[in-house]
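Values quoted throughout were computed directly from the atomic coordinates according to the rules given, and no laboratory measurement underlies them. For clarity, every value in this text was computed on a predicted model and none was experimentally measured. So basically every Cβ, Gly included, is an ideal-geometry build from the backbone, and we count neighbours across all protein chains shown.
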Amino acid sequence: MVNIMVRWCLVGLFIAGLPLFKGMEVKNTAIHPFYVSVVELNHNKKDKTIEVSIRIFTDDLEKTLKSYGGAPIDLTHPTNKAAADKILNEYIQHKLQIRIDGKLARLDYIGFEQQLESTWTYLEIKDVTSVKNISGTCSLLYDYQDKQINIFHIKDNGQEKSFKLDYPETAFSY
């Protein structure tokens, strides 16, 4: 929420300053002062799963997936949803590994959806009755921007712990 408010304040300041540039050619570029993704891991004891939600700015993700897969991709209006799902899943599987109690977990891809300027991607880890330790590595969008920050929110047993990984840092542990 704070990130969205900061972006809108910056957009407002930019628009307010446009009359100062009257007569100058201004290219249509997005104001993008930071590069952040948010990864949420929520242990759902009832379903014996860990729900994984990843929020990434759509424009950054599309540019990353283009260089990763070699072809342009439009996540807002995909012409081939199955192909978009496939490349997004491959990328995340390659860049995010999670260990539950020391054992590498299998991330089952569920899908993605658009929400404002972000893409939410959903995955699930099945058959998790209890958690003593969650750890792993994450290098989401590190191949796109060396200013990338990946923030983790891990929820288990009514407790929440957060971590911030600044490029090139990749390891986290709870």
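Can you list the HN-Hα couplings for the stretch 34-49, worked out from phi with the Karplus curve (6.51, -1.76, 1.60; θ = phi - 60°), rounded to whole Hz and with x for Gly and Pro?
Once rounded to whole Hz, the list reads 8, 10, 9, 10, 10, 10, 10, 10, 10, 7, 9, 4, 4, 8, 6, 9.
With +1 assigned to the C-beta of every Lys and Arg and -1 to the C-beta of every Asp and Glu, and no other charges, what is the dipole magnitude of the stretch 74-174 about the Cα centre in debye, to the nearest 20?
320 debye
Among the listed pairs Lys63/Lys95; Lys48/Lys95; Lys66/Lys155; Lys95/Lys161; Lys46/Lys103; Lys63/Lys126, give every one whose C-alpha distance is greater than 27 Å.
Lys66/Lys155; Lys63/Lys126
Be a star and scan the stretch 39-73 for residues whose amide nitrogen sits under 15 Å from the point 7 Å along the Cα-to-Cβ vector of Gln159.
It comes to 43, nothing else.
Give me Val131, Val39 sorted ascending by neighbouring Cβ count inside 10 Å, so fewest comes first.
Listed from fewest to most nearby Cβ atoms, that is Val131, Val39.
For the pair Lys126 and Phe34, how long in nm is the line joining their label points, each one 7 Å along Cα→Cβ?
Using points 7 Å along Cα→Cβ, the separation is 3.7 nm.
What spacing in nm lies between the two simple spin-label points modelled at Arg99 and Thr137, each 7 Å away from Cα in the Cβ direction?
1.1 nm
How far is it, in nm, from the label point at Lys45 to the one at Thr170 when both lie 7 Å from their Cα along the line to the Cβ?
For the pair Lys45/Thr170, the computed spacing is 3.4 nm.
Please work out the FRET efficiency for the pair Asp59 and Asp108, using the Cβ-Cβ distance as r and a Förster radius of 22 Å; give the result to the nearest 0.05.
With a Förster radius of 22 Å, E is 0.25.
Which of the peptides 137-146, 53-62, 158-167 is most tightly packed, and how do the rest follow, judged by the mean count of other Cβ atoms within 10 Å per residue?
53-62, 137-146, 158-167
Is the stretch 35-173 best put as rounded, prolate or oblate by its Cα gyration tensor, with a ≥ b ≥ c the root eigenvalues, rounded for a/c under 1.5, and otherwise prolate when a/b is larger than b/c, oblate when not?
Note, shape of the stretch 35-173 comes out prolate.
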